[in-house]
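Peer 1: This structure is in structure tokens; I'll ask about it shortly.
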Amino acid sequence: MHEPTDALAAPRFTGIRTFARLPHLPEIDGADAAIFGMPWDGGTSFRSGARFGPEAIRSASALLRPYNPAQRQMVFGHLSCVDAGDAPTVPGYIEETLTRIEAYAAGIIAQGAVPIGLGGDHSVALAELRAVAKQHGPVAYVQVDAHHDLWDSYNGKPYNHGTFAKRAIEEGLIDPARSFQGGQRGSLYGPEDYEVAAELGIELVPWLDLRSWTPEHFGEHIRDRVGDAPLFLSFDIDFVDPGLCPGTGTPEIGGPTGEQALDLVRALRGVNLVGADVVEVAPQYDSPGQHTALMAANVVYELLTLLAIAKA
Ligand code: MN
Ligand code: MN
């Protein structure tokens, strides 16, 4: 059982930073879940900086404790977790970077752990999905995000944090009929921007609609759509209102509070989670209290809780 250093024995501000003060074990060593970083922002279309996201999330995560009262679930100590370190990236070379991240994630999966990625701009999800689909076939995919990331290209190029989800569908990595995107908002290039989701067969529920769903309805809806298929969940931190989470590259005003966002993740009890990530944390734009990184750390904690519940 791999678990965090006990904060009642050694204060949580001591020690070398890993996620939640877990052991740094790139070899995984039998863990149920492996958190790993993807320090990369070469796929951003506006503000860069997400290459420092994993580091910021790890720092903020030092505050996490083993028991999650919202789900009445022991997390650490019940679920064996490690920090598997960072995937290698190659500044300036997005296709090579995606290849290296895919190999790193595949190594985690091959050792039997569920990979939980810390981004990094959202383009890294394409690499994770390639690794997950190689193991499981086309997976169910749930993305909460202020953007759908289904655009065809930027500046005539195919790989970017705003295009990866379309690439994932084209590559057959996800099953659109079992997939869902929610939370989209902000200005668009035109009305066809949202119509492309239906054309690709993926369900898209913008925030203007999603905001009136209860967490219970959201959970039931996702379980209906996904069934027992292997699920990859991608949480873009810009889903949360930038008033709370300003530390991100393409903020869109008017999103959920942190509480609303956490409740939606918690409502996903019972899904068959085989991989997940929290992306787009750019700490340079965060507030002095690092709210954005703290929110990201807590979303990862809720994802680990879902895995802990599934193991119970
Ligand atoms: Mn995104
Ligand atoms: Mn986004």
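The values are calculated or read from the model by the stated rules, or taken from the named source; none is laboratory data. The structure presented is a predicted model; accordingly, all values stated were derived computationally and were not measured. For neighbour counting, all protein chains shown are included, and Cβ atoms are generated from backbone atoms with ideal geometry for every residue, glycine included. Side chains included, ligands, DNA and RNA excluded: accessible areas come from the protein's heavy atoms. Shrake-Rupley method; radii C 1.70, N 1.55, O 1.52, S 1.80 Å.
Peer 1: Give the aspartates and glutamates whose C-alpha is closer than 14 Å to that of residue 134, dropping any in the same chain fewer than 8 places away, or say none.
Peer 2: 102, 171, 175
Peer 1: Considering only the chain, what is the antiparallel percent among its DSSP beta bridges, to the nearest 5? Numbers along the way, then the final one.
Peer 2: Values: 3 of 37 bridges.
Antiparallel bridges make up about 10 percent of those DSSP assigns within the chain.
Peer 1: I'd like to check one number: the per residue accessible area of segment 19-311, probe 1.4 Å, reported in Å² as a whole number. Present the calculation step by step, with values, prior to reporting the outcome.
Peer 2: On the way: 10840 Å² over 293 residues.
Per residue, segment 19-311 has an accessible area of 37 Å².
Peer 1: If you don't mind, there's one more thing I want to ask. Which FRET efficiency value, to the nearest 0.05, is calculated for residue 5 and residue 269 with the Förster distance at 30 angstrom and r the Cβ-Cβ distance?
Peer 2: Efficiency, from the Cβ-Cβ distance: 0.60.
Peer 1: Please work out how much accessible surface residue 147 shows to a 1.4 Å probe, ignoring ligands, DNA and RNA, in Å² rounded to 10.
Peer 2: Ignoring ligands and nucleic acids, residue 147 comes out at about 20 Å².
Peer 1: While we're on this one: Among the helices of the chain (complete DSSP H runs), which have Cα atoms covering no less than 20 Å along the helix axis and a Kyte-Doolittle mean of at least 0.5?
Peer 2: TM-like helix candidates: 94-110, 291-311.
Peer 1: If you rank 294, 306 by how much accessible surface each has, with a 1.4 Å probe, what is the order from largest down? Please list the in-between numbers first.
Peer 2: Values: 294 65, 306 15 Å².
Result of the area sort, largest leading: 294, 306.
Peer 1: Name the lysines eligible as straight-distance cross-link partners of residue 157: C-alpha to C-alpha under 17 Å, and not fewer than 8 places from it in the same chain.
Peer 2: 166
Peer 1: Direction-averaged shadow area of the convex hull around the Cα atoms of segment 139-192, nm²?
Peer 2: With every direction weighted equally, the projected area is 4.0 nm².
Peer 1: What is the magnitude of the charge dipole of the chain about its Cα centre, with +1 placed on the Cβ of each Lys and Arg, -1 on the Cβ of each Asp and Glu, and no other charges, expressed in debye to the nearest 20?
Peer 2: 780 debye
Peer 1: Any idea what the alpha-carbon Rg over 2.2 N^0.38 Å comes to for the chain? Numbers along the way, then the final one.
Peer 2: Values: Rg = 17.6 Å, N = 312, 2.2 N^0.38 = 19.5 Å.
It is 0.90.
Peer 1: Would you mind getting me the FRET efficiency between residue 260 and residue 16? Use the beta-carbon distance for r and R0 = 25 Å, nearest 0.05.
Peer 2: For R0 = 25 Å, the calculated efficiency reads 0.15.
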